[in-house]
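Rule-based calculations on the coordinates, nothing more; no lab input. Please read all numbers here as calculations on a predicted model, not as lab measurements. So basically every Cβ, Gly included, is an ideal-geometry build from the backbone, and we count neighbours across all protein chains shown.
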Amino acid sequence: MADVSAADERLNRTQNAIRAALEGRRRGLRAALPLAGPAVIVSIAYMDPGNFATNIQAGAKYGYSLLWVVLIANLIAMLFQALSAKLGIVTGRNLAELCRQHWPRALVFAMWIASEIAAMATDLAEFLGGAVGLSLLFHLPLLWGMAVTALVTYAILTLERRGFRPIEIVIGALVGVIAICYLIEIFIVPVHWGAAAFHLVAPELPDPAAVTIAVGIIGATVMPHAIYLHSGLTQARMPLRNEAERRKLLFYSDREVVVALTIAGAVNVAMVMMAAAAFHLGHSDVAEIETAYHTLTPLLGTGAAIVFLVSLLASGISSSAVGTMAGQTIMQGFVGFRIPIWLRRVITMTPAFIVVGLGANATSALVISQVVLSLALPMPMIALMIFTGRRDVMGVFVNGPLTKAAGIAATAAVLVLNCVLLLTTIGVHVPLLP
């Protein structure tokens, strides 16, 4: 009872601070901080172990050549996370709930199944990443690393009982750990800044195999579960009384998305740059997280390798917790029921234990999981564009022409990349590729 009262008191303090910001009684950073949280939580989806796997492969094999893919993926992520947040703020419903409310049952059921598969692919990457980090950092067997990751993740998820603020603070702290680790790495590795700047804006796909990694980067960066989750995190965060308060909350939400995903994008760029600088010349065959760690030690010293593992561990634990939160939002939205957190964790952890039990390569499984996510990605993107473009759903907050055009172009780009990936996978030559 005391814990419940303390949680209620914290929630009241937070909502009072948010109310003061919306009414103009707080300004600047004092107004922004109480409103921050949803974009910070979803940003961890853009720095998960799947990003480590795809970015290491991209940098080691192709140097700085695929940095432009990271930039484009991050810009797409900013647009769709901002739209997802807007959907929750304006309608008071999340994307999955709106699909269930407006679309035929058969279509909703199919979307739910596809989303659950994507959620399992997400958790495979996140859970394995945390376990690999623990295994290498503390010399544990991989299965023991998985068990510890599961326990720590569950402990973080139990913070939800204390309101939304404690879990936001913990996730935010872990985001900070990842960012600081990669800031340190950038100053350790000998980065060719000119080449990095050039390839950030110069599109290039050196060979057909680069398409798989490019699609994996997009799948690891623009995450289907993050699009669903963001609308759920904003839908009931604060009761809004009028259009002016919605507009002001959207103002702060958009800026939080830009800041949080700029940090996430910078971390992804830093991952590719680190791999390019450390591995591309002389170690271009590095394609696994474990190999990257063992190669970093003689190249750059034990300190660089440990910093790399600490960032991986923080990424795996935090993103696994966020993935479970997203899974609950997806299930509740599409089919209208929740299951206990521990059961959700068991269901989504099972594929990871199967992969390890069968002796499959962990990093290869991570990359394949990201390709699966990219193939599942167009569905929530299309749904989000449809609902945020409907005036009967959004009212005066309906998407404008520029937003519609950008959203359609981004969705089309993902679809084209997916089609190219499928064609190259089955052996069909694509004329535009080398």
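Legend: calculated FRET efficiency, residue 9 to residue 187, from the Cβ-Cβ distance at R0 = 56 Å, rounded to 0.05, equals 0.85.
By average Cβ neighbour count within 10 Å, what is the ranking of 267-278, 113-124 from highest down?
Numbers: 267-278: 26.0, 113-124: 23.1.
Per-residue Cβ counts within 10 Å, averaged per peptide and sorted highest first, yield 267-278, 113-124.
Since only 209, 174, 191 are under comparison, the one whose Cα sits farthest along the positive direction of the charge dipole of region 85-211, derived from C-beta charges on Lys, Arg, Asp and Glu, is 174.
Grab the other residues whose beta carbon is less than 12 angstrom from that of residue 175, score K and R as +1, D and E as -1, and report the net.
Combined, the nearby Lys, Arg, Asp and Glu give -2.
Given the peptides 306-315, 40-49, 142-151, arrange them by the average over their residues of other C-beta atoms within 10 Å, most packed first.
Details: 306-315: 23.6, 40-49: 28.5, 142-151: 18.2.
Per-residue mean Cβ counts within 10 Å order the peptides as 40-49, 306-315, 142-151.
Of the residues 397, 124, 296, the one whose Cα sits farthest toward the positive end of the charge dipole of region 36-425, with +1 on the Cβ of Lys and Arg and -1 on the Cβ of Asp and Glu, is 397. When semi-axes √(5λ) of the Cα gyration tensor in Å is calculated directly from the model, which label among (1) 36, 26, 20; (2) 33, 25, 22; (3) 39, 24, 21 fits? So the calculated entry is the one marked (2).
Shape annotation for region 1-122: C-alpha extents along the principal axes are 52, 42, 32 Å, from largest to smallest.
Place a +1 charge on the Cβ of each Lys and Arg in region 36-425 and a -1 charge on the Cβ of each Asp and Glu, then give the dipole magnitude about the Cα centre in debye, rounded to the nearest 20.
1400 debye
Only loop residues by DSSP count here, and only those with at most 13 other Cβ atoms within 10 Å; note down the trypsin sites (Lys or Arg not before Pro) in region 180-255 that meet that. Write out the running numbers ahead of the final one.
Values: sites: 237, 241, 246, 247, 248, 255; in loops: 237, 241.
Passing both the DSSP loop test and the Cβ count: 241.
Of the complete DSSP H runs in the chain, those spanning 18 angstrom or more by Cα along the long axis with a mean Kyte-Doolittle score not below -0.5 are 2-22, 49-62, 67-91, 105-138, 142-157, 164-188, 208-221, 243-279, 302-335, 341-357, 362-376, 401-425.
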